[in-house]
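Encoded as structure tokens, the structure appears first; notes follow it.
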Amino acid sequence: MSDTTSEIPAARTELPPDRFLNRELSWLDFNARVLELAEDATQPLLERAKFLAIFASNLDEFYMVRIAGLKRRQSTGLTVRSPDGLTIREQLARVTERTQELVHRHAWCFAGDVRPLLEQAGIRIVHWDDLADADALRLREYFRDQVFPVLTPLAVDPAHPFPYISGLSLNLAVSVRDPDTGAPRFARLKVPNNVPRFVQVGTADSSTTFLPLEDLIAAHLPQLFPGLDVLDHHLFRVTRNADLEVEEDRDEDLLQALERELARRRFGPAVRLEVHETMDPRILDVLVSELEVSRADVVTVPGLLDLASLMALYGLDRPELKDEPFVPATHPRLSEGETPKSVFATLREGDVLLHHPYHSFATSVQRFIEQAAADPDVLAIKQTLYRTSGDSPIVTALIEAAHSGKQVVVLVEIKARFDEEANITWARELERAGCHVVYGLVGLKTHCKTALVVRREGGVIRRYCHIGTGNYNPKTARIYEDLGILTADPRVGADLTDLFNTLTGYSRQTAYRQLMVAPHGVRGGLLEKIRREARHVAEGRPAGIRFKVNSLVDEKVIDALYDASCAGVPVELFIRGICALRPGVPGLSENIRVRSIVGRFLEHSRVFNFRNGGEGEWWIGSADLMHRNLDRRVEVLLRVCEDGAHRQLQTMFDSAMAEDVRCWELGPDARWTAREGRDHQAALVAAVAEQVG
């Protein structure tokens, strides 16, 4: 299957020009849904604080990557319009307006709702003037011993140029005056990020009280500027472009090119300036000028800056303020009572469909790799790694396998955004252990999640495989919802063998038995299947489409779904984040329903279902329906063949799309409407517990 434009008919000319929603504004709508969870009084209190922190960190990354990308394209001077017809200037203006609205909601939710409730629960965030004398004395000693030595005030004057401000750091802009001359001075003081943001006040007891670190520093500014009058201080924070552009050249070592680019990342141009709403206009003028940002890049915050640091409060030992503890269950086919079973013996009896975090990653995928590493009959292990944890048991198992003489091939995607340095470290450690480490294909990110184990059994070579929708990361596997298949299907084994030969060698294979592989096969394969559903309707056979993805942006896929809707195909879309499709428009998409679920677990799996005339077809994989996934990444979709797995996926979809489930639904006016009901994720927790118990 090819994704070339010549093989894909152009969209019908009668499709309306306003059929696409703006992806940046749609992403902000997603983050607004995260904020709604923080605003929800039925959520446990520290869970609400956690969602406030997630909202803030999400917005940071949005500016570092998406807004930075728009600004970079704007700097070229070219007139570029988004699929919904907006210029870059218009998009940035709308993003700024929507962001400012959400930031004020976010700040009010914390200051006016969550913070007072935390105080009632004995968790207080106070200011310096609120402290008792004994507490102030103790914190003066703490400042002297732990904070003062790491502070570096930087003057700004003709002899001292404006200092570099690192991305996402908290900073104090300090105004001082020479008492002899009366001359005003300006200095910058960085709030250190290697000291806890919230400093505990007093001794630990039933009441936990914290002072923001910037308040502690501000109270001691005279010690940092002796002999000068401290007039004022203002907190600010800068976000910088962190989107790497690695120019890949076949004649240059990719690792060296990436390391060079990583060194440049910290000096990327500023794309956002956050300031407290009481910021002195004269100081703001200095910051805007020196940081070379526009007034439109300034976000005013009516409260604490950087609420992502609230995640530290979530770490408090207050279980009554959090969700009930959740322990993933071992898949019933992978154990007998408390005794683990051989994964290989289990897979010879049939495939195992895993649904994380409900099914334990540690006792399934991780155990699969660990058993392979320890098994003397295993000859080779081949695996892709996109993101993994700092103390990865998967990497440890691969290293042990190499030490025991097995052939270990690992494709480490060192271009995985914000994990580049960690992945470079893993790649070098794997190489030192004797693993064959490769970095993928020039011009493409390898985003697929695949593992292949080659085992000799009685003189016969058998291949065992795992293909998933999520990363080989045991930490995120406890909070991300993902799917995976463990299988000994010879067709899948042959496909993965061919795929790894493509990734590690010079093979140009594009056709597979049970897989669709991007960039050559996923878009074209999905478009053909969408059109097939329209043919089924025309011929009176059962038809229907169900997709579950993180993001739907690709215009060709969207237009194909519009065509299917016009042909009478019912389309159900379960989309966590960005959706550029406009559902429910008469004559265009009245047969399309779009739903989002945002909850305790991050909905992360990608599933594609076609009724196919009554012979249902299910696919799972790593690809979202975005240009980058379909055109610039190696992605894998696997056809799920076993009836039991079909029923499991059907049950999951039926639950998520049921009328009585809590969700958000997208309307033709581009607005997301919250619907109250039962918790889909809690229902799956209960269902898996019943299955195991």
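The values are calculated or read from the model by the stated rules, or taken from the named source; none is laboratory data. All of these numbers come straight from a predicted model, not from anything done at the bench. Neighbour counts run over all protein chains shown; Cβ positions are idealised from the backbone, glycine included. Please note that ligands, DNA and RNA were not included when accessible areas were found on the heavy atoms of the full protein model with its side chains. Shrake-Rupley method; radii C 1.70, N 1.55, O 1.52, S 1.80 Å.
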Where the centre of each part is set by its Cα atoms, how far does the range 472-536 sit from the range 384-418, in angstrom?
20
Where does the range 459-542 land on Rg/Rh, using Cα atoms and the Kirkwood Rh?
1.08
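With r defined as the distance between the Cβ atoms of ALA686 and THR181 and R0 fixed at 45 Å, what FRET efficiency is calculated, to the nearest 0.05?
With R0 = 45 Å, the Cβ-Cβ based efficiency is 0.05.
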Per the helix-only model, the chain has a calculated mean residue ellipticity at 222 nm (DSSP H runs of ≥4, -39500 (n - 2.57) each, divided over all residues, rounded to the nearest 500) of -10500 deg cm²/dmol
If I take the Cα coordinates of the range 328-439 and project them onto the principal axes, what are the three extents in Å, biggest first?
40, 31, 21
Heavy-atom accessible area per residue - the chain, 1.4 Å, Å²:
42
Rounded to 10°, Cα long-axis angle of helix 281-291 versus longest principal axis of the chain
50
Taking the dipole about the Cα centre of the range 263-304, with the C-beta of Lys and Arg at +1 and of Asp and Glu at -1, give me whichever of LEU284, ALA270, GLY303 is farthest to the positive side.
ALA270
In the chain, carbon and sulfur make up what percent of the accessible area (probe 1.4 Å)?
50
Between the range 125-156 and the range 551-629, how many Å separate their Cα centres?
53
Part-to-part distance (alpha-carbon centres) for the range 313-373 and the range 266-302, which is given in Å
47
Using only Cα atoms, find the angle between the long axis of helix 420-432 and the longest principal axis of the chain, and express it within 0 to 90 degrees, rounded to the nearest 10.
60
Rounded D (µm²/s) - the range 136-238, Kirkwood Rh over Cα pairs, Stokes-Einstein at 37 °C, 0.692 mPa s:
222
Any number yet on Rg/Rh for the chain, C-alpha, Kirkwood?
0.99
